[in-house]
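Report on the structure given below.
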Amino acid sequence: MTDRKLTLHYAPRSRSSTVRVLMDELGMPYDLHVLNMRAGELKSPAYLAINPLGKVPALQHGDTIVTETIAIALYLGDLYPDAGLTPAITDPRRADYMRWMVFYAAAFEPAVVDKAVGNVVPAETAPYGSYDKVVAMLAAHLEKSPYMLGDRISVADIIWGASLRWLLMFNLLPDLPVFKDYAARITSRPSFQNVFADEERLDAEHEAAAAALVADKAG
Ligand SMILES: N[C@@H](CCC(=O)N[C@@H](CS)C(=O)NCC(=O)O)C(=O)O
């Protein structure tokens with residue numbers, strides 16, 4: 001629990017959507033600061049003061065700012081352990097939890113991005129070895145259990161489930177049943193479905209607002 005106010009700086013259909021789902025799953029009260037990415041609001045001086053990279057998500061906890069999706073997820077999971085989604089430091093699953101969360105940011109995302117843009121990085125230099133090995137390792141892991149840490153859902157599944165759904169949608173991962181089943185298992189949860197529905201509305205509003213800005217400038 002916390003007595004400092006939590007604010008999520010967020011734009012629909014982005015990595016910040018995953019954090020929004022996570023905060024709903026954890027059952028924490030928070031303010032949502034909605035930014036219109038299409039209208040350039042992530043690059044406003046006010047937002048750059050929060051995250052100099054002009055990217056979402058960013059979490060504000062009182063006067064403290066946390067950026068980076070995985071850092072935010074680890075932070076929130078530890079802040080709300082009673083939700084039952086965070087293996088405690090004494091839990092034997094904690095090591096796997098840390099490993100899969102850090103692997104996501106340090107190896108999996110770079111492997112996928114390099115693959116998507118056609119960067120060929122020698123396996124000895126790449127922080128992930130090779131894309132094919134990363135994908136094979138993840139598939140083999142998910143073949144063994146329904147969730148990243150075994151038979152119980154955790155914060156790690158909110159991250160991995162959201163990402164796999166997105167990557168499958170854009171053909172950035174092989175269309176394997178193990179990936180499709182896992183992504184569906186996680187993102188069919190009401191927390192995801194509620195955010196997806198709200199984002200359809202928000203994104204349409206943002207598109208219209210961005211188009212109006214362009215028309216204003218042209219006129
Ligand atoms: N490493 C960052 C990446 C954040 C990121 O790239 N966010 C994208 C949205 S998914 C963004 O804000 N893009 C807007 C931009 O770069 O202008 C994290 O994991 O939080």
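All of the numbers you see were taken from the coordinates with simple rules; none came from a lab. Source: prediction; values computed, not measured. We place every Cβ from the backbone using ideal geometry, glycine too, and count neighbours over all the protein chains shown.
Return the Rg/Rh value of segment 77-138, two decimal places, where both radii are evaluated on C-alpha atoms and Rh is the Kirkwood radius. Walk me through the numbers on the way to the answer.
Numbers: Rg = 14.9 Å, Rh = 13.2 Å.
Result: Rg/Rh = 1.13.
Only Cα pairs under 8 Å and 6+ residues apart enter the sum, and on that basis the relative contact order of segment 125-219 stands at 20 percent.
Dipole magnitude for segment 1-114: about 320 debye, using +1 per Lys or Arg Cβ and -1 per Asp or Glu Cβ, origin at the Cα centre. Applying 0.36 nm per residue to the separation of ASP181 and GLU205 and subtracting their alpha-carbon distance, the gain on full extension is 5.5 nm.
The helix-based estimate of mean residue ellipticity at 222 nm for the chain, built from -39,500 (n - 2.57) per DSSP H run of four or more residues and divided by its residue count, is -16500 deg cm²/dmol to the nearest 500. Taking every Cα-Cα distance in segment 49-103 and sorting them into 10 Å bins from zero, the calculated P(r) comes out as 22, 46, 26, 6 percent. Each of MET148, MET28, MET169 was scored by other Cβ atoms within 10 Å of its Cβ. Arranged with the fewest first, they read MET169, MET28, MET148. Taking 23 Å as the straight-line reach from the Cα of LYS55, the lysines in range (excluding those fewer than 8 positions away in the same chain) are LYS5, LYS43, LYS115. Structural descriptor for segment 39-110: relative contact order 15 percent, calculated from alpha carbon pairs under 8 angstrom and at least 6 residues apart. Distance between the C-alpha centres of segment 118-135 and segment 1-71: 30 Å, rounded to the whole angstrom. Here the chain carries DSSP beta bridges of which approximately 70% are antiparallel, counting only pairs with both residues inside. The reciprocal of the average 1/r between distinct C-alpha atoms defines the Kirkwood hydrodynamic radius, which for segment 7-94 equals 13.6 Å.
Counting other Cβ atoms within 10 Å as a rough exposure proxy, the listed residues PHE170, PHE179, PHE108, PHE196 run PHE170, PHE196, PHE179, PHE108 from fewest neighbours to most.
Rg and Dmax of the chain, both derived from C-alpha coordinates alone, stand at 18.2, 63 Å. Along its three principal directions, the equivalent ellipsoid of segment 94-188 from the Cα gyration tensor extends over semi-axes of 22, 16, 11 Å, largest first.
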